[in-house]
Structures are given as C-alpha cells and as structure tokens.
Amino acid sequence: MVSFSGLEFLFRLLPVFLIIYFVTPVKYRENTLLLESLIFYALGEPVFVLVLIVLTALNYYLGERIWKPGKVPIYERQVKRRKTFLILAVGIDVGILAVFKCLAVFVDNALLPLGLSFYIFKMISYQVDLYRQAVPEKPGLKQAALYFTLFPQVESGPIMLYKEGRFGSGRGFSLEGFEDGLKYFASGLGMKVLLADRLAILWNDLQMIGFQSISTPLAWLGAIGYSLQLYFDFWGYSLMASGLMVMLGYPFIQNFNDPYASKSISEFYRRWHMTLGKWFREYVYIPLGGSRCDKRRLILNLALVWLLTGIWHGNGINYLIWGGVIGIIIILEKMVYGKYLQKSPLLGNLYVIVLIPLTWVIFAVTDLRQLGIYFGRLFPVLGGAGIAVNEQDIIKYLKDYSIYFIAGISLCIPAMLQFWKKHKNHPLVVLLLVLVFWMSVYLQSNSAGNPFMYLKF
C-alpha cells in the first residue's frame, strides 16, 4: 500500500509521476496517467491489480453496448437490449464486490482488494449514466480505464462521476492550477499528520488502558477525539486526493462541507463524505422511489440505503448497528421532529454535536461487549461498567491533547474555511502552508506513519 502521506510517495513516487506526466505531449498525457495509475495500484496490490484490470476491460465492453447519444431516439428492441446489458454489468460488479466482502469476513480480511468498494461504485455509476444517456460523448477504452483507475482516487475516492472528469480533452499545464493543487494537498497532509495522527494516539491509549478502567469524562473526551480523528483523517485524505487531481488538470471534487455546522443528522450526511452520499442518493435511493412515495415506502427506502451504507463501510456487526442507528435517527427526523430542529438552529447544532460522537463510538468499537462497556462509561447511570480505576485521568489527557482539540474544533467552524478560501493566496497563508508541510514531513520521518482510516473500508 502506498500512502499519500508517506515519505516514499512525497519525495520519490509523486515527483517522478509529475515530471513524466508534464513532459509528455498533451495529447498523450492520458496514456501516461493511465500507466502511472496502474503502477501506483500495483505497488500496493501486486496481485489484485489483475482484478482491477479485468473489471476495467469488462465494464468498458459492457458499457459500449449500453451507450447511446442523448438526442438519438431509442426503439423498444434497443431499450430491452441496453437494459439487459445494464443489469448484467451492475450484477457482475455487485457480485464481485459481494464475493470479496464475504471472503474478507469468512476467510481472511487480506483477501479484500484495496479500494475495491470505491472503484466498483465508479463502475456502477458509469454504467447507469451511460444507460441514462447522461454521457454525451462515447468513452474510449483509454478514457474509461483512466476514470476507473486514476491513482489519486482509486484507493479511497472521492467517488467522481465520469462526466465530472471531462476525459478526452487535452490538459495543458496551468501554474495557477498547480499551485492550488499544492495548497489543497499541503492542507490535507497537515490535517492527517498534525491532527488526525496525534488524536489517534488518544484513542489507542484508551484501548490499551481498557474501556472498563477510564472515567466518564475521559470516555466523552475519547468519543469527541475519535470523531475529530476520523474527520481530519478522511477530510485530509480527500483534500490530498483532490489536490493531486487539480495539479494534474482535473476539477476539484469537494467531499466535505462543514458537516459539524449541520442542524440535523440528515444534513450532516449531506455534508459528510458528499460523493458517497450523492452516489447512494442517485443510484440507490432515487431508483427505489426516493421521498416521492408514501410514508411506509419512504421508511423502507431509507432503511435499505443505510443498511447498505453500513455493509459498505465494514465487515463487523458494529457497522450494521451503526448504519441501522443512523437510519432510524434520519427516519425519525423525517417523520417526527426534524422540522423543530430546523426552526431552532442552535438546538439542532447542539443535537448534532452530541449525537454524532456517540454514533462514531459504535463505528469504532468492533467488539459488542467492549461497545457496551464504553457506553456504560459514557452513561454511568446505566450501570454495568464498574468503577473507573483513576477518576482524575481526564486531567492528564486534557494537558496532553488540549492543543489538538482546540485546533480541531476551530477548523470545524465554517468561518475558518471561508477565511482560508478568501486568503489562500496571501503570502502569510502560503508561508503557513509551507510550515505545515515541513512539520508534517518532520513528524512522518520520526514515526512509522498511520495509514488512512478509510483504506480499511
């Protein structure tokens, strides 16, 4: 596995990739990037790169039989033929994903190819968009293969749609675009190394101590810390991936939009991992009927979407519980109290800030017995967790981690992101990003480095 935050990638692989890419004549750059993407994936998955190649060829072949220009009339016989190939393509993609997920659960987790869920979702959206005639120009093999394998996105997204990539057009060098990409990349690297990896130590400490031994205040600190860790780990990755795309001449794909400023859990997940949420909405929720149906069908649609979301995220029963809990909360918001949250933004935001860390605990703790102990610590009135060994442990951890909590919570405030967007070209902001980059490099050189959390999903 090659990590974007690793020194090997930063100082060897990426510079070589960029130099070769930009010295290649514009009309051949997609060929170069396709080869680099396959090399990048093969360095992390030397065996499973064959799965990616075979699925790429198969999806291109089936997609060719589905595509029709948008303004061309389609006769009934063609409709049936196209639908047959669509069902076949989606069935194969879903079947392959299900087989490898089952192998990971029942045989060995190492049998799950890196990034499989992400590139399979790209392939499914590609086939459906071809069927919907949402792709105006017929993709060539090179363009389709590049879309499926792009090295900035192949491991953990974001899940860009084919039509968003503007494939097939020549991409010259833009100094302004390259600089913007570097800024996004440096920002994401700092979030990953300076915040997420530091907060990860807190969560690891709590696991080493044992949940039964921590105090209630420390349990709440741990839940908040894990929430921030997950946020900055994946937001950091998304910024690095999108920054690389911008450096290569592709559009920026936004994956997070101040989720902790939301006023409901529904809104939170419209702002969190936006490309995944959009994928489930466009290719699962709306085809099921969306919200334009009776209440019973709406409940069923939401329940199915969140059940699938839980399955997609991981192999443990805790992921199913997490998806189920989120689904129930969103159904209750839709049916019961969501309108009251919208009328009181402050109440709605407090509701999100309290509830989301609790759901992330379900996401984080795979052992159900340990999960019960942790919630017993969070809510001692429930009992069953015993007496904490050191009730003053919160003081020690606040001293050690307060700086990371202050920085993390500050970056959750929308005004901070607005300030960055407005002043990102200011010399002082650029200097700050340079310092963030080299501080991140220094810390990486003195540690083993933590892989991105979403590489597991």
Would you work out what percent of the accessible area of the chain, with all protein chains in place, is carbon or sulfur (probe 1.4 Å)? 67 percent
Spatially proximal lysines relative to residue 339 (Cα-Cα < 24 Å; intrachain offsets below 8 disregarded): 263, 278, 295
5 Å-binned pair-distance histogram of region 186-269 (Cα, whole percent): 3, 15, 18, 18, 16, 14, 9, 4, 2, 1, 0
Under the 0.36 nm per residue contour assumption, what length would be gained going from the current alpha-carbon distance of residue 77 and residue 50 to full extension? 6.2 nm
So which of 101/421; 192/396; 343/424; 83/122 end up more than 30 Å apart, counting from Cα to Cα? 101/421; 343/424
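For a quick protection proxy, order the peptides 146-157, 398-409 by their average other-Cβ count within 10 Å, most packed first. All intermediate terms of the calculation are to be shown ahead of the outcome.
Values: 146-157: 24.9, 398-409: 14.8.
Descending packing order for the listed peptides: 146-157, 398-409.
What do you get for Rg/Rh of region 18-64 when both radii come from the Cα atoms and Rh is the Kirkwood radius? Each step should come with its number before you reach the end.
Working: Rg = 12.8 Å, Rh = 11.9 Å.
That ratio is 1.07, to two decimals.
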Between helix 427-445 and the chain, what is the angle of the helix's C-alpha long axis to the longest principal axis, kept within 0 to 90° and rounded to the nearest 10? 80 degrees
Between 0 and 90 degrees, rounded to the nearest ten: what's the tilt of helix 175-190 against the longest Cα principal axis of the chain? 30 degrees
Please list the equivalent ellipsoid semi-axes of the chain, computed as the square roots of five times the alpha-carbon gyration tensor eigenvalues, in descending order and whole angstrom. 37, 29, 21
Working from Cα positions, state the angle (0 to 90°, nearest 10) between the long axis of helix 216-247 and the longest principal axis of the chain. 20 degrees
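Give me the accessible area per residue for the chain, probe 1.4 Å, as a whole number in Å². Write down the numbers at each step before the final one.
Details: 21150 Å² over 457 residues.
Using a 1.4 Å probe on heavy atoms only, each residue of the chain averages 46 Å².
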Of 291-303, 222-234, 417-429, ordering from highest average Cβ density within 10 Å down gives 222-234, 291-303, 417-429
Treating every alpha carbon of region 15-152 as one equal point scatterer without solvent, the Debye formula yields log10 I(q)/I(0) values at q = 0.10, 0.12, 0.14, 0.17 Å⁻¹ of -0.39, -0.55, -0.72, -0.96
Which lysines, if any, have their Cα less than 20 Å from the Cα of residue 422, not counting same-chain residues under 8 positions apart? 183
Can you work out the Karplus-derived ³J(HN,Hα) for every residue in region 312-329? Use 6.51 cos²θ - 1.76 cosθ + 1.60 with θ = phi - 60°, whole Hz, and x for glycine or proline. 4, 6, x, 9, x, 5, 5, 5, 5, 5, 4, x, x, 4, 4, x, 4, 4
How big is the accessible area of residue 108 in square angstrom, nearest 10, if you roll a 1.4 angstrom probe over the protein chains? 80 Å²
Chain lengthening between residue 445 and residue 163 when straightened (0.36 nm per residue, less Cα-Cα): 97.6 nm
For the chain, what does the helix formula give at 222 nm: sum of -39500 (n - 2.57) over DSSP H segments with n ≥ 4, over the residue count, nearest 500 deg cm²/dmol? -21000 deg cm²/dmol
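The values are calculated or read from the model by the stated rules, or taken from the named source; none is laboratory data. Note that this is a predicted model, so its numbers are computed, not measured. So basically every Cβ, Gly included, is an ideal-geometry build from the backbone, and we count neighbours across all protein chains shown. Ligands, DNA and RNA are stripped out before the accessible areas are found, and what is left, the full protein with its side chains, is counted by its heavy atoms. Shrake-Rupley method; radii C 1.70, N 1.55, O 1.52, S 1.80 Å.
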